[in-house]
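The values are calculated or read from the model by the stated rules, or taken from the named source; none is laboratory data. Since this is a predicted model, take the numbers as computed values, not measurements. Cβ atoms come from the backbone with ideal geometry, glycine included; neighbour counts cover every protein chain shown.
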Amino acid sequence: MFSHFYTLFHTCPIQYVMRRSLLFLLAFGFLFAQVRVGEMKSITSSLDVRSIIGYGDEIILATQGGLGVYQSDSGNYMVYTIDHGLVDTDLNTVHIGPKGLLWIGSDTGVQVWNLDEENLLDWFQLDIEDVSGFVTYKDMVYGAVKQNGTWGIMEFIHSKDRTYYRDFYGRDDIGYIDDIIKFGDDLILLTDLGLIGGNPHQTHPIYWEKRFTEIGLPIVAIAEKNDELAVVTPQAIYSIQLNKNPVPLVTNQSEFSTIRSIAVRGLLDYMAVTDSAIYRIGTDTFEKQFSDAGFHFSDIKITNSSTIIGTNLGFAQFDESTLNHVAGNEPIVSAPQVISMTSDNQLIMANANGISLSGWYNLSTSAKATGYSTQLNLEKIPIDLGNRVSRINLGKDGFVYMGLIHSTSAGIVALDVSNGIKAHQLYFPKTQSTEDKTFIVSGIALDGKENIWGTSGNNYNQPLSVFNGSLSRHFSINESGGILSNGSNAIAVDNFNRIWIGSPSGLVMYKYSGNVMDPTSEIWVEERVDPGITIRVPLDINVSAKNRLWILTPIGLIHKDLQVSDTNPVSQTGPTATNGELFPYFPNVVFNSHSRIRFDPRGNVWVTSETDGVHIVTENGEYWPDINGLNERNSNLLSNHVNDVTFDNEEGMAYIATDKGVSVIRIPFAEEKKSYSSVNIFPSPFRIPSSIPMTVEGLKDESSLKIMTLNGEVLRSISNSDVQGYQAYWDGRDASGQLVGTGVYLIAVYDKSGASTIEKVAVIRE
């Protein structure tokens, strides 16, 4: 969900939060117009709910996109993300501990959140790899945790309004722990070995023993309430009352093995969910009460007022017959594999599960649910997106083109995004045989004549195809003179309308004249990636506006300067060290075939990595913001696993697609401003002293500023060397370092030719 949308409006009635396109787009543009260079916000989706709890009149959700808190009485809904102080937003489980503090588990650690003050109190990383649950026992919190490859119990102490990590008790004999509950004075673990339990104040957890061994394995799910334990196995559902033996309530139902979560309503009265169905369970009773293949249920909890169910599309309240689904107008794509900005500045992103267009409009590969919230703008996509969306390109015709991996529908799909999202046309590269029903297109590009090019990863004879309307042509290795090869995964077009293909053997250039379907002439050229090495595999390629071919290799980023000669298209390869040898950028960063090369509005090169964030270098070899790029350590980047990046050229925004959502950062690389018509000053009035300076944005290149009184006295000059792209900053001080007084001041802005504009700003000295 737009976490910054909630930051602005805090909490508001859900009917307002979930209004569609216009409100969201206006809020979206307004918010990002008021941030400074380097500031980062996030776009996450809270639709995928992993765990839910009820707490008073609140429903609290651990989701893939953050911590959700829903007020049942008012309908207010808030999603907390990294923008609000969370360290990780991809959450697995949530628990109310001592003093009403919220314990949150994820694959990266344990977070302790104060619901009342809406802030993070503690963060325990401790080499944690997974957290599957928490319980409270005598003011101590115990988590089922995987640490350094070993599952066990992690113990925390709450004392004097502080939480402390005490110890980790690993169990090398356990393959996994799926849940942890308190049953009487014991803690019970659901493991691959069955139920294991013990009293943590009496027996060290490494000596805890198997419990209720008469119940068969495996254990599918457990739940506890009022000293009654519900246990699900593939053969039976058991009731275990404290100090009594297990009693099977119902047996021999095929659906038992598919149960994902169970909850105790009352004595011998349970509710459970499978992937798409809700069941009522009692003595000799296993009754399906609801089913919809469009939902994927994840968790079920019983509160004082209702049954709450977590789903892949938000959450729902169930009253034994009707499912009341609650979801906002959010993107369903929570981990974009590709991302782009359309010609009318709409953000589009996709992965194998669906496509989202800002507004939000969503296409999903899953079946369409019949009872989902009307606020969720969702339709089923009529095609198979395969197991990965490999590439995204925007055509001059306004269509969005996507390459698909292992799709049974097509290799490339053209999308019409003029009014929502519609599949416009499908393109089919050659497969190896008629029995091969899948398409693998890892590289796509559009040339200057709007021909659509794609590489086919599962055709050993015709690995390259080109399409135009209903026409197509498939290039064989033989007709290239043997220099094309199977396994090509990247393709780009240079400024001379030549096609460049990255292949396992190096680079291939193709030039055609006339109509590509029946050209008057063709030229094929083979080019080594590294002239000094026979074979260097390109992971990705792209051509900048200055006609420089950038090549990503396993040892870093290099480039080739292109020239007009079709038979000798490369003038030089770089960058080079003083001895003339290649000296790649980012030689110590791990790149792979999923890494991407993108260009911002000023031609700077952005390179993504699945382990190290995103790295930026200008064409003259300077790093931004430094050689480390942007990562979790030096910014609020959601994840170091970066799949793609796109740009709002006019506003100077970079949208970084990660496996945990999209991080949006203001960069000093917007398109060059042609006038001062868009100069904006914020905050206004400017209250001083302030740790955050006043920002003047919308500046032309190489602008300088003067801060003046109303009678023209110059208090401070800001040179063009202190201006970050199109933004300048003032801390409220004069040239001597003293804070100015309360009043109205003039901000005079000058460009390098002397053209100027004057703005006013009110200053309040407190």
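Numbers at a glance
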item	result
Subset of the range 349-364 (residues that are touching a Lys or Arg at 6+ places or on another chain (Cβ under 8 Å), under 21 Å from residue 419 (Cβ atoms) and surrounded by fewer than 23 Cβ atoms within 10 Å (Cβ to Cβ))	359, 364
Output for the range 697-713, where each listed residue is in a loop (DSSP other than H, G, I, E, B), surrounded by 13 or more Cβ atoms within 10 Å (Cβ to Cβ) and of a type in the set (S, T, N, Q)	703, 709
Close pairs (6 angstrom Cβ cut-off, 6 or more residues apart or separate chains): under 18 Å from residue 576 (Cα atoms) and assigned by TED's automatic domain parsing to the domain that holds residue 580 in the range 523-535, crowded, with 18+ Cβ neighbours inside 10 Å and among the basic types (Lys, Arg) anywhere	529/536; 530/536
The lone exception for residue 492 - which of (1) in contact with a Pro (Cβ under 7 Å, 6 or more places away or on another chain); (2) assigned to a strand (DSSP E or B) it fails	(1)
Condition met for residue 607 (at pLDDT 95 or above, in a strand (DSSP E or B), under 19 Å from residue 587 (Cβ atoms) and among the hydrophobic types (A, V, I, L, M, F, W, C))	yes
Subset of the range 457-501 (residues that are over 28 Å from residue 415 (Cβ atoms) and of a type in the set (Ser, Thr, Tyr))	460, 476, 480, 485
Residue check, residue 716 more than 41 Å from the chain's Cα centre (by Cα) and surrounded by fewer than 17 Cβ atoms within 10 Å (Cβ to Cβ)	no
Test: residue in the range 218-234 that is outside any strand (DSSP E or B), of a type in the set (S, T, N, Q) and not assigned by TED's automatic domain parsing to the domain that holds residue 257	no
Residue match in the range 118-133 (condition: in contact with a Pro (Cβ under 9 Å, 6 or more places away or on another chain) and either at pLDDT 95 or above or within 21 Å of residue 299 (Cα to Cα) (or both))	no
Flag for residue 635 being under 23 Å from the mean Cα position of the chain (by Cα), hydroxyl-bearing (Ser, Thr, Tyr) and either part of a strand (DSSP E or B) or crowded, with 22+ Cβ neighbours inside 10 Å (or both)	no
Residue in the range 726-746 that is exposed (fewer than 13 other Cβ atoms within 10 Å of the Cβ), within 24 Å of residue 602 (Cβ to Cβ) and free of Cβ contacts under 8 Å to residues at least 60 places away in the same chain present	no
Flag if residue 143 is surrounded by fewer than 21 Cβ atoms within 10 Å (Cβ to Cβ), among the small types (Gly, Ala, Ser) and within 24 Å of residue 298 (Cα to Cα)	no
Qualifying residues in the range 215-233 (those that are under 18 Å from residue 136 (Cβ atoms) and over 36 Å from the mean Cα position of the chain (by Cα)) - the one surrounded by the fewest Cβ atoms within 10 Å (Cβ to Cβ)	226
Selected residue [farther than 30 Å from residue 612 by Cβ, in a loop (DSSP other than H, G, I, E, B), hydroxyl-bearing (Ser, Thr, Tyr) and over 41 Å from the mean Cα position of the chain (by Cα)] from 684, 736	736
Close pairs from the range 481-496: first at positive phi, partner in a loop (DSSP other than H, G, I, E, B), Cβ under 8 Å, at least 6 apart	487/457; 487/463; 487/504
Residue among 599, 583 that alone is modelled with pLDDT under 95 and either at negative phi or not acidic (Asp, Glu) (or both)	583
Residue within the range 167-188 that is touching a residue at least 24 places away in the same chain (Cβ under 8 Å), closer than 18 Å to residue 302 by Cα, in the same structural domain as residue 150 (by TED's automatic domain parsing) and among the β-branched types (Val, Ile, Thr) present	yes
Of all residues making up the range 322-346, the number that are hydrophobic (A, V, I, L, M, F, W, C) and within 14 Å of residue 46 (Cα to Cα)	5
Candidate set: the range 500-520, residues that are hydroxyl-bearing (Ser, Thr, Tyr) and assigned to a loop (DSSP other than H, G, I, E, B); chosen: the one nearest to residue 617 (Cα to Cα)	505
Those residues of the range 101-117 which are surrounded by fewer than 15 Cβ atoms within 10 Å (Cβ to Cβ) and either of a type in the set (Ser, Thr, Tyr) or in contact (Cβ under 8 Å) with a residue 24 or more places away in the chain (or both), in sequence order	107
Single unsatisfied condition, residue 752 versus (1) crowded, with 17+ Cβ neighbours inside 10 Å; (2) touching a helix residue (DSSP H, G or I) at 6+ places or on another chain (Cβ under 8 Å)	(1)
Test: residue in the range 331-342 that is among the polar types (S, T, N, Q), over 16 Å from residue 644 (Cβ atoms), touching a residue at least 12 places away in the same chain (Cβ under 8 Å) and surrounded by 20 or more Cβ atoms within 10 Å (Cβ to Cβ)	no
Residue selected from the range 425-450 under the condition under 31 Å from the mean Cα position of the chain (by Cα) and either outside any strand (DSSP E or B) or among the charged types (D, E, K, R) (or both), by the criterion nearest to residue 508 (Cα to Cα)	447
Sole residue being part of a strand (DSSP E or B) and either under 36 Å from the mean Cα position of the chain (by Cα) or acidic (Asp, Glu) (or both), chosen from 535, 523, 551	551
Unmet criterion (only one of (1) over 30 Å from the mean Cα position of the chain (by Cα); (2) touching a residue at least 24 places away in the same chain (Cβ under 8 Å); (3) in a strand (DSSP E or B)) for residue 309	(1)
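Conditions (1) within 30 Å of residue 392 (Cβ to Cβ); (2) touching a Pro at 6+ places or on another chain (Cβ under 9 Å); (3) not hydroxyl-bearing (Ser, Thr, Tyr), marked per residue:
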residue: 648; (1), (2), (3): yes, yes, yes
residue: 663; (1), (2), (3): yes, no, no
residue: 681; (1), (2), (3): no, no, yes
residue: 694; (1), (2), (3): no, yes, yes
residue: 698; (1), (2), (3): yes, no, yes
residue: 709; (1), (2), (3): no, no, no
residue: 715; (1), (2), (3): no, no, yes
residue: 734; (1), (2), (3): no, no, yes
